[in-house]
1. Would you point out which residue out of 8, 27 is within 34 Å of the chain's Cα centre (by Cα) and either surrounded by fewer than 13 Cβ atoms within 10 Å (Cβ to Cβ) or not in a helix (DSSP H, G or I) (or both)?
2. Taking the residues in segment 70-95 that are buried (at least 17 other Cβ atoms within 10 Å of the Cβ) and aliphatic (A, V, I, L, M) as candidates, determine which candidate is modelled with the highest pLDDT.
3. Any chance you could count how many residues in segment 96-126 are in a loop (DSSP other than H, G, I, E, B) and either at pLDDT below 60 or of a type in the set (Asp, Glu) (or both)?
4. Considering each of 175, 199, 189 in turn, give the residue that is outside the structural domain of residue 84 (by TED's automatic domain parsing), among the β-branched types (Val, Ile, Thr) and within 15 Å of residue 235 (Cα to Cα).
5. Out of the residues in segment 238-262 that are surrounded by fewer than 14 Cβ atoms within 10 Å (Cβ to Cβ) and outside any helix (DSSP H, G or I), state the one that is modelled with the highest pLDDT.
6. Considering segment 182-203 alone, what residues qualify as being farther than 25 Å from residue 57 by Cα and within 21 Å of the chain's Cα centre (by Cα)?
7. Answer yes or no as to whether residue 48 is surrounded by 13 or more Cβ atoms within 10 Å (Cβ to Cβ), more than 25 Å from residue 70 (Cβ to Cβ) and either touching a residue at least 12 places away in the same chain (Cβ under 8 Å) or among the β-branched types (Val, Ile, Thr) (or both).
Amino acid sequence: MTWRVGPLAEASGLTVRTLHHWDGLGLLSPSRRTAGGHREYTEADVVRLYQVLALRGLGLSLETIGLCLDSGVDPARVVRDHLAEVEASLARLGALRQRLVGLRDALDAPGDGDADGPGRPSSPIGPLLDALRATGGAADHGEGVLRRHLDADGVDVLRTRAAGLGPAAHYLLEVEWPELYRRAERLRVDGVPPADPRVRRLAARMDELSTLFTGGDREVSAGVRRAWDEDPAALSGDPDAPADGWRDLSAYLDAARRGVRG
């Protein structure tokens, strides 16, 4: 069974113009053409359309969606990862609620003649510290590396902007960014000059992602860069990421930004 572009657009709630645009981008191209050159979409094309719509529903850009699909990411993973994030958030909120209840009870408790004096409530410092721990959470190793190069405000910028991106942040960091680096590394190893348009496009997209998470703050960007130079394995989540390899790739991308021909 095949679908012409008009019926498929109507069934998916899209416009014919949108499907034509996605075809031009290579995001969703019909597998067949009629003798007259009209687009015909197969079942496999419709499955890919569903994947595109599912990922777009998470707020991902078309470029990121293309990278996700080319990397073999399917909607089931999207749902699982999103659900895991929601459940983790609920767990953190539940722990915070318990500690805030304890803090409230400590503040509302009648005085018991302790160091604060008769008729004064007991010191709430214990429950308060518990609430602070629940709010901040335990820093993972990657965050520990970042904290060595960023102050509290800088870390807060990264957290706030990542939270604002919602579940899209996970795919930008876990799927698109690593794929961009893999592609750049393949070009570097193959001896492609850094001024090559392919390398420059990859570097430009990495810079766009960096701005999404840092807000264009130069100090935050520089701190993140230093953290990557120190421990790329912790920041990338890849325990096998070699520091020397990262520095070589980083220098290659910097040369691409400057337009160096190599």
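The values are calculated or read from the model by the stated rules, or taken from the named source; none is laboratory data. Only a predicted model underlies this, so the values are computations on that prediction, with no experimental measurement involved. Ideal geometry is used to build each Cβ from the backbone, glycine not excepted, and the neighbour counts take in all protein chains shown.
1. Working: 8 fails: either surrounded by fewer than 13 Cβ atoms within 10 Å (Cβ to Cβ) or not in a helix (DSSP H, G or I) (or both).
Only one candidate passes the filter, namely 27.
2. 73
3. To start, the set of residues in segment 96-126 that are in a loop (DSSP other than H, G, I, E, B) comprises 109-124.
With either at pLDDT below 60 or of a type in the set (Asp, Glu) (or both) added as a condition, the list becomes 111-124.
The total comes to 14.
4. Numbers: 199 fails: within 15 Å of residue 235 (Cα to Cα); 189 fails: within 15 Å of residue 235 (Cα to Cα).
None of the other options fit; the residue is 175.
5. 259
6. Of segment 182-203, the ones farther than 25 Å from residue 57 by Cα are 182-201, 203.
Answer for segment 182-203, where residues must be farther than 25 Å from residue 57 by Cα and within 21 Å of the chain's Cα centre (by Cα): 182, 183, 184, 185, 201, 203.
7. When the stated conditions are applied, residue 48 does not pass them.
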